[in-house]
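Beneath this line is the structure, given in structure tokens, with notes to follow.
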Amino acid sequence: MKAHTQETQATITPEKSIQFLKEGNQRFQNNLKANRNLLEQVNDTSEGQFPFATILSCIDSRVSAELVFDQGLGDIFSVRIAGNFVNEDILGSMEFACKLAGTKVIVVLGHTSCGAIKGACDHAELGNLTKLIEKITPAVNAVEAPKDEALRTSKNLDFVDEVAKKNVELTIDRIHAESPILSEMEKNGEIKIVGAMYDISTGAVEFY
Ligand SMILES: [Zn+2]
């Protein structure tokens, strides 16, 4: 498999981008890899990059976007932050990736058993992490069930995963609300902004 070029990037639609990612995750789940020579891709991409997707995922060591979607050099912009939320700088990175560098899809990729989400469920406090976790708190509050406070902690993995899903939804809402550039591109059909969840126990990505 070759690195994308300006010509191949131009033929890729948002739908096709999602298809590439789904196929890549299928290969990953089946322990297959596309045949690519990474060193050759270093050479092929040295003059420029023409990636097709931008993926916002968690820093979790088990959720490397390149690995779980079986992608090579020059294929995806990978934005990673604990709890996969957006701020001004991350929105700016996404605007660069889509408007200037031509990627066709933004995937907000949450994952099961996320430590940052667990921290938010438990209202954890630790140094700079406290501020980061506060940014996920709206997702905790937006999940209505269960009502019993005792069940709204990191010990309840179903609750943790519900919050992770809600966090993906709220992150997509924020992208729409705070990036007129990306909203406009989506309205024009130039890009799609989608949510997905990675299951750390199976390696499967479920797109919404
Ligand atoms: Zn995580």
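The values are calculated or read from the model by the stated rules, or taken from the named source; none is laboratory data. Predicted, not measured: the structure shown is a model, and the values here were computed from it. Counting neighbours? That spans all protein chains shown, and the Cβs are built from the backbone with ideal geometry, glycine included. Keep in mind that these areas ignore ligands, DNA and RNA; they rest on the heavy atoms of the full protein, side chains included. Shrake-Rupley method; radii C 1.70, N 1.55, O 1.52, S 1.80 Å.
If you go through segment 122-164 and keep only what is hydrophobic (A, V, I, L, M, F, W, C) and more than 21 Å from the chain's Cα centre (by Cα), you end up with Ala124, Leu126, Ala145, Ala150, Leu151. The listed residues are Val168, Val205, Val143, and the only one of them that is touching a helix residue (DSSP H, G or I) at 6+ places or on another chain (Cβ under 8 Å), touching a residue at least 40 places away in the same chain (Cβ under 8 Å) and buried (at least 17 other Cβ atoms within 10 Å of the Cβ) turns out to be Val205.
Of all residues in segment 89-115, those that are closer than 15 Å to Ile76 by Cβ and open to solvent by 10 Å² or more (accessible area, probe 1.4 Å) have Cβ atoms under 9 Å from Cβ atoms of residues that are part of a strand (DSSP E or B) and basic (Lys, Arg), 6 or more apart or on another chain, in Lys104/Lys192. Residue count for segment 165-191, restricted to those that are under 19 Å from Ile18 (Cα atoms), under 15 Å from the mean Cα position of the chain (by Cα) and polar (S, T, N, Q): 1. Scanning segment 146-165 for residues that are open to solvent by 60 Å² or more (accessible area, probe 1.4 Å) and in a helix (DSSP H, G or I) yields Glu149, Ala150, Leu151, Leu157, Asp158, Glu162, Lys165. Residues of segment 98-107 include at least one that is more than 14 Å from the ligand (Cβ to nearest atom) and under 19 Å from Ile200 (Cβ atoms).
Say whether the condition of being of a type in the set (D, E, K, R) and either on the phi > 0 side of the Ramachandran plot or more than 16 Å from the ligand (Cβ to nearest atom) (or both) is met by at least one residue in segment 116-129. Looking for residues that are of a type in the set (D, E, K, R) and either on the phi > 0 side of the Ramachandran plot or more than 16 Å from the ligand (Cβ to nearest atom) (or both), one finds at least one in segment 116-129, hence yes.
Conditions tested, residue by residue: (1) in contact with a Cys (Cβ under 9 Å, 6 or more places away or on another chain); (2) modelled with pLDDT under 95.
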site	(1), (2)
Leu126	no, no
Thr130	no, no
Val140	yes, no
Ala145	no, yes
Glu149	no, yes
Arg152	yes, no
Glu169	no, no
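Give the residues of segment 58-75 that are under 17 Å from Ala204 (Cβ atoms) and aliphatic (A, V, I, L, M), sorted by residue number. Val63, Ala65, Leu67, Val68, listed by residue number. Hey, among the residues in segment 76-85 that are within 16 Å of the ligand (Cβ to nearest atom) and either surrounded by fewer than 24 Cβ atoms within 10 Å (Cβ to Cβ) or small (Gly, Ala, Ser) (or both), which one's nearest to Gly48 (Cα to Cα)? My answer is Ser78. Whenever a residue of segment 63-77 is acidic (Asp, Glu), its partners that are surrounded by 20 or more Cβ atoms within 10 Å (Cβ to Cβ), lying with C-beta atoms within less than 7 angstrom and at least six residues away or across chains, give the pairs Glu66/Ile76; Asp70/Gly24; Asp75/His4; Asp75/Pro51; Asp75/Phe52. The residue of segment 39-75 that is farthest from the ligand (Cβ to nearest atom), among those that are open to solvent by less than 20 Å² (accessible area, probe 1.4 Å) and among the β-branched types (Val, Ile, Thr), is Thr54.
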